[in-house]
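Engineer: Right, I'll just put the structure down here and ask away after.
What follows is calculated from the coordinates using simple rules that are stated; it is not laboratory data. Since the model is a prediction, treat every value here as computed from it, not as a measurement. Cβ coordinates were reconstructed from backbone atoms using ideal geometry, including for glycine residues, and neighbour counts include every protein chain displayed.
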Amino acid sequence: MDFDIVIVGAGLVGASLAMALKDSGLKLALIEGRAPAPLPQDDSWDARIYAVNPANARFLDQSGVWGGLDQSRIAPVHEMHVWGDDAAARLDFTAYQAGVAELAFIAESRLMQDGLWRALQGQSNVEIFCPAACAALEVADDAAILALQDGRVLRSKLVVGADGRESWVRAHAGFEAKPREYRQSGVVANFTVEKPHRNCAYQWFREDGILAYLPLPDNKISIVWSAYEPVAQELLALPGDEFCRRVQEAGKNTLGELQLITPPAAFSLRLLNLEHLVKPRVALIGDAAHNVHPLSGQGVNLGFQDAHQLAQVLLQREAQRDCGDHFLLRRYERARKEDILAMQLVTDGLHKLFNNADPLLRTLRNTGLSLTNHLGGLKNRLMRHAIGELG
Ligand SMILES: Cc1cc2nc3c(=O)[nH]c(=O)nc-3n(C[C@H](O)[C@H](O)[C@H](O)COP(=O)(O)OP(=O)(O)OC[C@H]3O[C@@H](n4cnc5c(N)ncnc54)[C@H](O)[C@@H]3O)c2cc1C
């Protein structure tokens with residue numbers, strides 16, 4: 001079975017790459033271990049919620065995916081308020097100041113996954129192998145040969161690892177990966193709120209972690225509480241009403257009383273920074289290529305930009321140029337390394353800065369936050385980065 005490109009992993013990032021290449025004339029294979037579950041017909045909400053920046057919403061729109069999503073389940077973010085760990089320090093971002101219509105869109109993972117999956121079914125250049133499991137990868141001079149566990153063998157010019165943080169492709173193509181565990185979990189849950197959220201996102205840097213409120217449509221919000229393991233385990237073990245009270249208090253009662261609508265779930269957090277994103281005939285994208293702390297909600301945004309950039313490099317390559325040419329793939333790597341590293345430095349730096357009990361550092365970080373709030377240029381640059389206009 002001959003293909004130009006085999007993409008392993010049809011999560012949000014792998015599927016978005018396949019869609020970005022839908023009109024490329026390239027013959028694609030998409031390997032996925034498990035098909036996404038169909039969207040439930042009830043009014044339940046996915047616990048996995050992402051803040052997608054406007055640049056990536058446009059990227060998904062270019063392949064017709066974003067516009068096809070049920071917009072009544074997506075909330076725009078117009079303002080964001082961030083507090084330090086003393087009562088006075090705060091940083092405010094507004095779409096108005098940034099000169100954009102919205103800072104981000106809050107959307108369910110399963111809504112986007114379903115939209116991508118449905119869009120892929122109609123693509124004549126994409127052959128989907130699902131459920132399928134990889135068994136062996138061999139990279140030769142002229143092709144990459146991927147064997148599936150069911151005995152099928154796929155030959156291609158390029159294999160893309162979009163298979164998430166435990167990437168099989170990364171391991172079998174020999175990329176060296178040394179993740180650093182944060183020993184924290186991101187506790188996520190959805191609530192209805194008493195007071196209108198007015199499409200504001202909120203974030204509190206606290207002694208026991210970082211709590212974010214993200215607006216969902218109507219009077220609903222989603223939270224991500226990045227907390228050290230013992231605190232995360234304690235939160236998960238609380239009865240529903242007690243959990244609501246803790247989240248409400250930690251959020252300074254900003255939105256009044258909270259009622260749980262999606263039970264809490266937790267995801268362990270880690271940092272992964274690879275020296276290389278490509279090797280001859282192999283490229284990594286999304287969580288296979290990097291893991292960042294979710295405090296800035298940028299993990300899948302970085303992944304979408306990987307997919308966007310790799311698609312650009314492949315689409316703009318010289319006629320007849322081999323898709324797996326290492327020098328071609330290096331263009332993708334160069335274009336992405338700086339952005340990924342910058343985001344990792346910022347998120348890891350903030351994580352370290354706010355997880356330190358030194359009173360001097362506490363004063364400094366809170367002063368820094370308030371100062372940034374008054375430094376128009378710096379604040380504007382931070383906003384432009386977050387909405388995907390820089391990087
Ligand atoms: C608590 C928390 C909150 C977050 N919030 C945000 C946010 O607000 N905004 C944001 O941008 N990011 C956020 N992130 C990060 C985001 O979750 C990830 O960056 C994103 O899910 C990565 O997508 P992916 O497609 O690369 O990988 P995945 O979502 O892991 O998808 C990988 C796919 O590959 C498949 N697969 C795996 N192995 C194989 C194999 N061997 N063969 C075939 N298929 C395989 C899997 O089934 C899956 O479908 C958050 C993360 C956490 C933990």
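Engineer: Eigenvalues of the Cα gyration tensor times 5, then square-rooted: what semi-axes does that give for region 234-327, in whole angstrom, largest first? Walk me through the numbers on the way to the answer.
Structural biologist: Values: eigenvalues 380, 39, 21 Å².
Rounded to whole Å, the semi-axes are 44, 14, 10.
Engineer: Taking a cut-off of 29 Å between Cα atoms, list the lysines near K27, but don't count ones fewer than 8 places away on the same chain.
Structural biologist: Straight-distance partners of K27: K157, K279, K337.
Engineer: Please give the calculated 222 nm ellipticity per residue for the chain, where each DSSP H segment of at least 4 residues contributes -39500 (n - 2.57) and the sum is spread over every residue; nearest 500 deg cm²/dmol?
Structural biologist: -10500 deg cm²/dmol
Engineer: Same structure, new question: Quote the convex hull volume per residue of region 295-391, based on C-alpha atoms, as a whole number of Å³.
Structural biologist: Values: hull volume 10.5 nm³, N = 97.
Each residue corresponds to 108 Å³ of Cα convex hull volume.
Engineer: For region 155-162, take each phi angle, set θ = phi - 60°, evaluate the Karplus expression 6.51 cos²θ - 1.76 cosθ + 1.60, and give the result in whole Hz per residue in order, putting x for glycine and proline.
Structural biologist: Values, residue by residue: 9, 8, 7, 9, 10, 10, x, 10 Hz.
Engineer: How many percent of the alpha carbon pairs in region 1-79 exceed a separation of 17 Å? Before the final figure, lay out the partial values.
Structural biologist: Working: 1793 of 3081 pairs.
Cα-Cα pairs of region 1-79 separated by over 17 Å account for 58 percent.
Engineer: Convex hull volume of the Cα atoms in region 68-164, per residue, in Å³?
Structural biologist: On the way: hull volume 22.2 nm³, N = 97.
In region 68-164, the Cα convex hull volume per residue is 228 Å³.
Engineer: Here's something else I'd like to know. Using the Kirkwood radius over Cα pairs, work out the Stokes-Einstein diffusion coefficient for region 226-279 at 4 °C and 1.567 mPa s, in µm²/s as a whole number. Each step should come with its number before you reach the end.
Structural biologist: Working: Rh = 13.5 Å.
It comes out at roughly 96 µm²/s.
Engineer: Would you please give the residues with an amide H less than 5 Å from that of S268, counting only those at least 5 places away or on a separate chain, with H modeled from the backbone geometry?
Structural biologist: Amide H to amide H, under 5 Å and 5 or more residues apart or across chains, S268 pairs with G186.
Engineer: Please list, or write none, the lysines whose alpha carbon is within less than 18 Å of the alpha carbon of K352, excluding same-chain residues fewer than 8 places away.
Structural biologist: none
Engineer: Kirkwood-based Rg over Rh for region 1-149 (C-alpha set), two decimals? Don't jump to the answer; show the numbers that get you there.
Structural biologist: On the way: Rg = 19.3 Å, Rh = 17.8 Å.
My calculation of the ratio gives 1.08.
Engineer: What are the ³J(HN,Hα) values, in whole Hz, obtained from phi via the Karplus relation 6.51 cos²θ - 1.76 cosθ + 1.60 with θ = phi - 60°, for each residue of region 340-356 in sequence order, with x given for Gly and Pro?
Structural biologist: Computed from phi, the couplings for region 340-356 are 5, 5, 4, 5, 5, 5, 5, 5, 5, x, 5, 4, 5, 4, 8, 10, 9 Hz.
Engineer: Right, something else. Among 177-184, 339-346, how do they line up from the highest to the lowest mean number of other beta-carbon atoms within 10 Å?
Structural biologist: The most tightly packed comes first, giving 339-346, 177-184.
Engineer: With an 8 Å cut-off on Cα pairs and a minimum separation of 6 or more residues, tell me the relative contact order of region 229-335 in percent. Let's see the in-between values first.
Structural biologist: On the way: 92 pairs, mean separation 22.5, N = 107.
Relative CO of region 229-335 lands at 21 percent.
Engineer: Can you work out ³J(HN,Hα) from phi for every residue in region 67-79, in order, using Karplus 6.51 cos²θ - 1.76 cosθ + 1.60 and θ = phi - 60°, giving whole Hz and x for Gly and Pro?
Structural biologist: x, x, 7, 5, 5, 6, 9, 10, 10, x, 10, 9, 9
Engineer: Moving on to the next point. Straight-line reach from K178: which aspartates and glutamates have a Cα under 14 Å away, not including same-chain ones fewer than 8 places off?
Structural biologist: Excluding near neighbours in sequence, the set is E166, E275, D287.
Engineer: Name the long-range amide H neighbours of L216: under 5 Å, sequence gap of 5 or more, or other chain; modelled H, no Pro or chain starts.
Structural biologist: Excluding prolines and chain starts, which carry no amide H, the hits are I221, S222.
Engineer: Relative contact order, percent, of the chain when contacts are C-alpha pairs under 8 Å separated by at least 6 residues? Numbers along the way, then the final one.
Structural biologist: Numbers: 803 pairs, mean separation 84.9, N = 391.
Once divided by the residue count of the chain, the mean separation gives 22 percent.
Engineer: Across the Cα atoms of the chain, what radius of gyration and what greatest pairwise Cα-Cα distance (Dmax) are found, in Å?
Structural biologist: Both quantities, over Cα of the chain: 21.3, 63 Å.
Engineer: Also, I was wondering about something else. Pairs of Cα atoms under 8 Å, at least six residues apart: use those to get the relative contact order of region 66-114, whole percent. Intermediate values should be presented prior to the final figure.
Structural biologist: Working: 54 pairs, mean separation 21.4, N = 49.
The normalised contact order for region 66-114 reaches 44 percent.
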